[in-house]
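Since the structure comes first, as structure tokens, the remarks are kept for the end.
Each reported figure results from applying straightforward, stated rules to the coordinates on display, with no laboratory input. In this text the structure is predicted, and so the values were computed from the model without any measurement. Every residue, glycine as well, gets a Cβ built from its backbone with ideal geometry; the counts of neighbours run over all protein chains shown.
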Amino acid sequence: MRIYGLELLRGLSVTLGHFIASYTEGFKRTFANRLRGQVRQDPSERGIFTVQYPEERLRVPERFRVLPVLIFNGKEGEKWTPAAERCTACGICAKVCPPQCIWIVQAKDPASGKPTPKASEFFIDVDVCMNCGLCAEFCPFDAIKMDHTFELGGQERKVSHIFDIDKLHVSTEYYAKTHPKAWAQEEEARRKKAVK
Amino acid sequence: MGLGFLIPAIVILAAAPIGMMGLTWYERKVIARMQDRFGPNRVGPYGLLQPIADGIKMFTKEDLVPEGADRFCHLLAPILMVVPSLFLFTVLPLAPGAVAAPLATGLLFFMAAGSSETLAIFMAGWGSRNKFSLLGALRSAAQMISYEVPLLLTLAVIPLVVGSLNLVEVVKAQEGFRWFCATPWGLTALALTLIAGLAEVNRTPFDLPEAESEIVAGFHTEFSGMKFALFYMAEFLSTLALAALAAILFLGGWDGPAAGVVPARWTNALWMTAKTLGMVFVMIWIRGTFPRFRMDQLMGFAWKVMVPLSLANGLGACFWVLRPGLAGNVVSAALPLGAFLVFTQLWLTPKPHLTTKWIDPALKL
């Protein structure tokens with residue numbers, strides 16, 4: 001003798017449980033600000049897993065890397081100046097770049113006409129860059145770093161996707177915010193060097 | 001004979017597409033929540049305008065008729081599918097007096113109109129000149145024949161107890177919280193009606209006529225654009241009508257506590273709507289939970305479980321009418337329960353081992 005139908009009722013209770021949990025967990029996340037911007041696919045986690053992308057974003061890992069940026073010493077919102085710029089136009093990044101997407105022009109002293117250790121032009125072809133991060137790896141001056149900005153879609157390729165020196169420069173403050181761990185390590189290293 | 005019939009006719013014709021649109025949204029939302037998703041939430045607040053977007057899309061789609069199809073059948077099938085499902089609403093009372101046609105044979109009319117949809121399904125399958133369509137239509141016919149029997153046997157308890165086939169009378173017999181779902185036979189009949197009704201309107205787990213994993217989309221494989229939308233509409237309208245019927249027959253229809261402030265007819269209509277939507281929720285819930293039946297399981301379930309169970313339930317209801325009180329309640333509870341326990345054991349009986357003739361005996365299968 002076997003009683004039929006009990007497992008059917010159990011199945012119904014499972015789906016109803018998911019139905020209710022999707023609302024209770026939703027309220028909890030809205031009002032308790034729980035798990036905001038995180039992946040919610042832990043096996044113990046209940047409720048809706050969907051992250052509603054444009055409105056809600058997952059935090060990207062610190063070492064996530066898209067496109068190099070140039071760093072200058074300064075605050076966010078400031079415009080870069082040759083004095084604050086870290087890049088010395090040594091060209092190592094351009095040489096090491098596997099798809100050869102970096103183009104640098106060295107600045108010249110307007111008075112004497114001699115080359116100065118600064119870049120006057122710095123281009124990166126965004127669509128060619130393969131986000132390998134070798135430029136940031138090899139830069140001896142911590143001047144070029146990988147960024148987190150990944151929403152780069154465009155309607156055309158030849159103007160807006162060639163980033164120039166103004167577009168590439170970001171402040172140290174911005175970099176410290178997006179890469180807190182890496183920034184702390186670099187600061188530590190610089191401090192030790194200064195003590196020596 | 002005035003033009004008074006026009007008003008309910010217009011109300012039904014106007015409300016049905018809106019109700020169907022709301023129902024698609026409701027179904028998608030509930031199913032999504034059960035599957036830990038959001039469901040439609042991009043068009044309008046909470047995705048409420050999604051059905052309108054779908055409707056516009058349906059209107060702009062190309063109307064394709066397969067080469068060699070029976071064009072007349074192909075055109076007529078979706079229309080013949082929708083019309084009976086609109087008929088269903090004529091006999092369903094929303095509130096006291098708010099019924100298009102208080103037929104003395106309301107229940108019979110409902111069943112007759114509901115089962116005539118099979119004809120349209122068969123026309124769709126035949127007219128499409130597609131083997132999947134025809135398979136779906138044949139499945140639909142087989143399923144309808146099987147499940148009509150337990151459904152009618154189950155619903156026979158209603159005139160037995162109420163003494164009328166008029167759905168208004170049925171609700172009046174339940175007024176004052178004497179809902180039939182509170183009686184043992186009524187509860188069994190509600191469950192049986194719901195199961196057989198799901199089979200009647202081809203909803204999961206009885207959606208074999210449109211089983212997408214096996215026969216593309218069954219009888220409406222070859223339909224596109226608004227014709228396809230009409231099939232969808234008919235299906236949803238039948239679902240809604242069936243839920244309303246279950247609410248009327250077993251959940252007391254418009255009966256419910258009145259608020260006092262608002263006129264009683266408003267609360268009555270509200271109760272009826274709430275009960276109907278509740279029944280629809282149960283149907284969606286079942287869809288969100290169970291996988292589809294296999295054809296032999298479908299037939300076996302109808303004939304081996306549902307038919308004996310509905311007969312036992314009818315017998316129990318007879319006792320309930322003859323001997324009101326404890327004895328009637330106990331007997332009408334014990335009979336269907338016993339029948340269920342005994343007849344479900346039929347599944348456990350060893351199946352005869354039949355060898356198919358064309359199998360090579362040398363294989364020793």
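The table for this structure:
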read-out	value
47 Å tail of the calculated P(r), the protein assembly as shown, as % of Cα pairs	39 percent
Whole-Å distance, taken between Cα centres, linking segment A:70-149 and segment B:290-318	77 Å
Highest-MSF residue in chain B out of B:PRO291, B:PRO51, B:PRO336 [GNM, Cα springs under 10 Å]	B:PRO291
Most fluctuating residue given options B:GLN143, B:GLN345, B:GLN50, as computed from a GNM of chain B linking Cα atoms under 10 Å	B:GLN345
Proximal lysines to A:LYS28, defined as alpha-carbon separation beneath 26 angstrom and excluding residues fewer than eight positions away on the same chain	B:LYS29
Long-range HN-HN contacts of A:GLY74 with modeled amide H, under 5 Å	A:THR172, A:GLU173
Sequence ranges B:251-258, B:116-123, B:277-284, ranked by mean other-Cβ count within 10 angstrom, highest first	B:116-123, B:251-258, B:277-284
Cα gyration tensor shape for segment B:1-137, rounded if a/c is under 1.5, else prolate or oblate	oblate
B:LEU153, A:LEU58, B:LEU107 arranged by Cβ crowding within 10 Å, fewest neighbours leading	A:LEU58, B:LEU153, B:LEU107
Virtual spin-label span in nm between A:ILE20 and A:LYS193, 7 Å along Cα→Cβ	6.2 nm
Exposed GluC sites (Glu not before Pro) absent - longest run of chain A, DSSP non-H/G/I/E/B, at most 16 other C-beta within 10 Å	A:79-150
Cross-link pairs beyond the 26 Å C-alpha cut-off, checked among A:LYS145/A:LYS193; A:LYS158/A:LYS181; B:LYS57/B:LYS275	A:LYS158/A:LYS181; B:LYS57/B:LYS275
Cβ-based charge dipole, the protein assembly as shown, positive-most Cα from B:GLY256, A:CYS139, B:MET283	A:CYS139
In nm, spacing of pseudo-spin labels at B:PHE5 and A:SER120 (7 Å Cα→C-beta vector)	9.3 nm
Cα shape, chain B, gyration tensor, a/c 1.5 rule	oblate
Table column - 3J(HN,Hα) (Hz), segment B:243-255, Karplus curve with 6.51, -1.76, 1.60, x for Gly and Pro	4, 5, 4, 4, 5, 6, 6, 10, 9, x, x, 7, 5
For A:ASP147, residues with placed amide H under 5 Å, excluding near neighbours	A:VAL66, A:LEU67, A:VAL69
Among A:GLY133, A:GLY77, A:GLY11, residue whose mean-square fluctuation peaks in a GNM of chain A (springs only between Cα atoms under 10 Å)	A:GLY11
Charge dipole (chain A, unit charges on Cβ, about Cα centre) - positive-most of A:VAL170, A:PHE27, A:TRP103	A:PHE27
Amide hydrogen neighbours beyond the local backbone of A:HIS169, cut-off 5 Å, H modeled	A:LEU70
